[in-house]
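Computed from the coordinates by the stated procedures, all read-outs in this text should not be read as laboratory data. Predicted model only: the values in this text are computed from it and were never measured. For neighbour counting, all protein chains shown are included, and Cβ atoms are generated from backbone atoms with ideal geometry for every residue, glycine included.
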Amino acid sequence: MYKQIVLLICFVPMLTGCWGREELNEVAVIQTVAIDKEGKDNIRITIEISGVASKGQTPTGLSAKPIYLTETGKSIFEVARKMSNKTTRTLFWGHVSSIVFSKEMAKSGLKKHFDILTRLRQFRNLTNIFIMDGNASDIFKVTFPQESLTSSGLNGLLKAQNSEASTKKVTLMQVFQTLTNDYNDLAIPSLHVYKNPQTQKLNLRVGGMYVFAKDKQIAYMDAEKTKSYLRAINEGKETVEILPLGKKSRYVSFENVRNSANVMTLLQNGMPSVTIELNAKFDVTEVQKEMQISPEQIEKWENQLNALLSKQMEAFISYTKKNKVDLIGIKEMVHRKYPKQWKELKKDWYKIYPDIPFQIVVKSKIEHNFLHL
């Protein structure tokens with residue numbers, strides 16, 4: 001025992017220190033990655049690197065302008081190796097906060113590319129994933145107010161969408177997990193670059209999602225349907241709903257402060273059926289008319305909101321049936337509840353899914369009005 005302790009003490013000095021350390025002035029910190037298709041078989045990757053000041057410059061260590069590198073190749077790993085020859089510093093991928101794929105890349109299939117993204121230990125599991133309508137590298141042509149880095153602008157826009165529920169944050173690990181199981185279909189946030197007619201500058205719009213059959217993008221889901229999708233999976237909140245007041249152009253606005261959805265499946269005569277129960281809590285935020293907000297008026301608005309949310313949810317379900325995508329995981333619920341019957345249903349699931357009857361039950365509750373009219 002004594003010899004073992006002495007041997008352990010002898011090894012301790014050899015294990016101290018920072019092996020493999022890299023100083024800040026030796027690395028190029030990558031913030032955003034854009035991946036496009038190049039020709040028939042190649043890919044083109046453009047990366048955004050934080051501008052690092054040389055010795056004697058600004059003490060903050062970061063300059064205002066980022067640096068961009070572009071390279072082509074057959075695989076992400078090959079392109080990454082080629083890029084390392086274009087800079088005097090070691091490329092550090094551990095701070096990548098956003099990866100943007102072009103829609104063309106998404107249509108050709110993403111699974112083969114996510115294999116390496118999850119194998120390389122430098123990539124963070126919480127990296128945001130986007131699909132660009134057009135070239136992914138166009139993201140670097142957009143200027144963000146008060147932000148010098150594209151990654152910071154994307155993170156800010158994604159957080160801002162929480163108040164509209166027009167898209168959903170999707171991470172690297174979430175995409176990989178969805179692509180490697182058979183029970184959920186994939187949806188990834190969409191990006192759209194457009195020219196501002198007043199300033200003639202390129203702006204970015206974040207909203208809606210691209211949906212996938214297996215690992216290939218097949219359709220675009222607009223912001224309105226995305227809102228119902230998020231409600232169905234208990235992620236939509238703080239959205240705004242508007243009802244008309246009479247025949248004139250006056251409206252009452254509501255903030256959807258809370259949602260609780262319960263999705264239930266039932267198997268009858270070998271055919272699944274689905275019931276979606278949605279409990280929604282609202283606050284009245286604006287009334288464009290002088291009126292008495294009585295209990296009767298509140299009840300009337302609640303019934304109108306029930307009808308509105310039901311119509312929105314039905315439009316979302318119809319969209320999933322038309323495109324044969326199971327975004328809320330109905331097949332996983334059936335598999336867990338009816339494992340024996342699932343063996344038969346699994347074979348023709350996407351033929352069965354469009355014929356599954358859905359019942360939508362919405363219970364809206366207006367809790368506060370905060371108005372004195």
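Data for the structure
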read-out: Taking H95, H368, H335 and counting other C-beta atoms within 10 Å, the order from fewest to most; value: H368, H95, H335
read-out: Scattering profile of region 224-373 at q = 0.16 Å⁻¹ [log10 I(q)/I(0), Debye over alpha-carbon scatterers]; value: -0.86
read-out: Kirkwood Rh in Å, taken over region 167-278 so that all alpha-carbon pairs contribute; value: 17.2 Å
read-out: Test item: Cα-centred dipole of the chain, Lys/Arg +1 and Asp/Glu -1 on Cβ, debye; value: 880 debye
read-out: For F254, net neighbour charge (Lys/Arg +1, Asp/Glu -1) across residues whose Cβ lies under 15 Å away; value: +1
read-out: Length-normalised contact order for the chain - Cα pairs under 8 Å, 6+ apart - percent; value: 12 percent
read-out: Residue with peak Gaussian network fluctuation, the chain [Cα springs, cutoff 10 Å], from N196, N162, N306; value: N196
read-out: Over the chain, volume per residue of the alpha carbon convex hull, in Å³; value: 265 Å³
read-out: Eligible aspartates and glutamates near K343 by straight Cα distance, threshold 15 Å, same-chain separation 8 or greater; value: D182, E332
read-out: Tensor-based shape of region 24-221 (alpha-carbon gyration tensor, a/c under 1.5 rounded, otherwise prolate or oblate); value: oblate
read-out: The chain, helix-only ellipticity at 222 nm - DSSP H runs n ≥ 4, -39,500 (n - 2.57), divided by all residues, nearest 500; value: -8500 deg cm²/dmol
read-out: Highest-first arrangement of 71-80, 351-360, where packing means the average Cβ count within 10 Å; value: 71-80, 351-360
read-out: Charge dipole (region 72-189, unit charges on Cβ, about Cα centre) - positive-most of V96, N162, Q122; value: Q122
read-out: Neighbour-count order for Y319, Y194, Y220, fewest beta carbons within 10 angstrom listed first; value: Y194, Y220, Y319
read-out: GluC sites (Glu not before Pro) within region 221-312, DSSP loop, no more than 15 other Cβ atoms inside 10 Å; value: E235, E238, E290
read-out: Burial ordering of M83, M105, fewest other beta-carbon atoms within 10 Å first; value: M83, M105
read-out: Of K141/K169; K214/K321; K111/K159; K214/K346; K107/K324; K168/K331, pairs whose Cα-Cα distance is over 18 Å; value: K141/K169; K111/K159; K168/K331
read-out: Local electrostatic count at N128 - Lys and Arg +1, Asp and Glu -1, tallied over other residues with Cβ under 13 Å; value: +4
read-out: Gaussian network model of the chain, springs between alpha carbon atoms under 10 Å - residue of T32, T285, T167 with greatest fluctuation; value: T285
read-out: Sparse-neighbour loop sites [trypsin sites (Lys or Arg not before Pro); region 93-177; at most 16 other C-beta within 10 Å; DSSP]; value: R121, R124, K169
read-out: Candidate lysines for bridging to K281, where Cα separation is under 20 Å - those fewer than 8 sequence places away on the same chain excluded; value: K225, K227, K237, K300, K311, K363, K365
